[in-house]
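**Q** Would you mind keeping the following structure in view while I ask a few things?
The values are calculated or read from the model by the stated rules, or taken from the named source; none is laboratory data. These figures come from a predicted structure and were not determined experimentally. Reconstructed Cβ throughout: ideal geometry from the backbone, glycine too, with neighbour counts over all protein chains shown.
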Amino acid sequence: MHEKRKQLLISIFILISLLSACIKSMANKPASSNYFFVGMDEEFELKKDQRVGLLRTGFEIEIRRFFNQPCPPNVKCVWSGIGIEFEYRYNGQVKRGINLVKAFGYKISIIKSDYESYAVLKIMQDKDQ
């Protein structure tokens, strides 16, 4: 009986280890092509109409639209014509704006973008709040 209990405990430990590894792996990979999770301070690529959730927070980001109509040379423009329209969700609230990089206590850094199909982003705590 003691040997069976020992085997059972080993099996449970292995199962928990496998589940933990699986959950950790799922957190870094898209659950679908349109929704996935990332961790704080982690760089990730986001495309139009994809949504990303920040692990264990309820905070989500979606790219709604890209703007890529740069100001022509030798013309004075009010706006550069390059930008990203973001939508943020948190606890049932929604904020939306072009190049809006602070929302709900989080700051989003645009690391890189072609302003046509993708942006590489990073979510951080907003220290100013």
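**Q** Considering only residues of segment 85-109 that are under 15 Å from the mean Cα position of the chain (by Cα), among the aliphatic types (A, V, I, L, M) and not in a loop (DSSP other than H, G, I, E, B), which is nearest to Leu46 (Cα to Cα)?
**A** Among those residues, the one meeting the criterion is Ile108.
**Q** Take Ile123 and decide whether it is modelled with pLDDT of 95 or more, surrounded by 13 or more Cβ atoms within 10 Å (Cβ to Cβ) and either over 16 Å from Leu46 (Cβ atoms) or under 17 Å from the mean Cα position of the chain (by Cα) (or both).
**A** Numbers: modelled with pLDDT of 95 or more: yes; surrounded by 13 or more Cβ atoms within 10 Å (Cβ to Cβ): yes; either over 16 Å from Leu46 (Cβ atoms) or under 17 Å from the mean Cα position of the chain (by Cα) (or both): yes.
So Ile123 fits the description; yes.
**Q** Out of all the residues in segment 42-57, which are at pLDDT below 95, exposed (fewer than 14 other Cβ atoms within 10 Å of the Cβ) and in contact with a Lys or Arg (Cβ under 8 Å, 6 or more places away or on another chain)?
**A** The one that is at pLDDT below 95, exposed (fewer than 14 other Cβ atoms within 10 Å of the Cβ) and in contact with a Lys or Arg (Cβ under 8 Å, 6 or more places away or on another chain): Asp49.
**Q** Next up: Is one or more of the residues making up segment 64-82 under 12 Å from the mean Cα position of the chain (by Cα), in a strand (DSSP E or B) and under 19 Å from Phe36 (Cα atoms)? Can you show your working first?
**A** Of the residues in segment 64-82, the ones under 12 Å from the mean Cα position of the chain (by Cα) are none.
Scanning segment 64-82, I find no residue that is under 12 Å from the mean Cα position of the chain (by Cα), in a strand (DSSP E or B) and under 19 Å from Phe36 (Cα atoms), so the answer is no.
**Q** Please tell me if Glu60 is acidic (Asp, Glu) and crowded, with 17+ Cβ neighbours inside 10 Å. Break it down stepwise before answering.
**A** Values: acidic (Asp, Glu): yes; crowded, with 17+ Cβ neighbours inside 10 Å: yes.
Answer is yes for this residue.
**Q** Being without any contact (Cβ under 8 Å) to a residue 60 or more places away in the chain and among the charged types (D, E, K, R), is that true of even one residue in segment 32-46?
**A** Let us first name the residues in segment 32-46 that are without any contact (Cβ under 8 Å) to a residue 60 or more places away in the chain, namely 32-37, 39.
From what is left, the residues that are among the charged types (D, E, K, R) are none.
Taking every residue of segment 32-46 in turn, none turns out to be without any contact (Cβ under 8 Å) to a residue 60 or more places away in the chain and among the charged types (D, E, K, R).
**Q** Could I ask something else about it? Filter segment 71-98 down to the residues that are surrounded by 15 or more Cβ atoms within 10 Å (Cβ to Cβ) and of a type in the set (Lys, Arg) and list them by number.
**A** Selection gives Arg89 alone.
**Q** If you take the residues in segment 19-41 that are in a helix (DSSP H, G or I), aliphatic (A, V, I, L, M) and at pLDDT below 55, which one is farthest from Val120 (Cα to Cα)? So that I can check it myself, show each step before the final result.
**A** Pass one, segment 19-41, residues in a helix (DSSP H, G or I): 19-28.
Applying the additional criterion that residues be aliphatic (A, V, I, L, M) yields 19, 21, 23, 26-27.
So of that shortlist, the ones also at pLDDT below 55 come out as 21, 23, 26-27.
On the way: Ala21: 26, Ile23: 24, Met26: 20, Ala27: 18 Å.
Within segment 19-41, the match that is farthest from Val120 (Cα to Cα) is Ala21.
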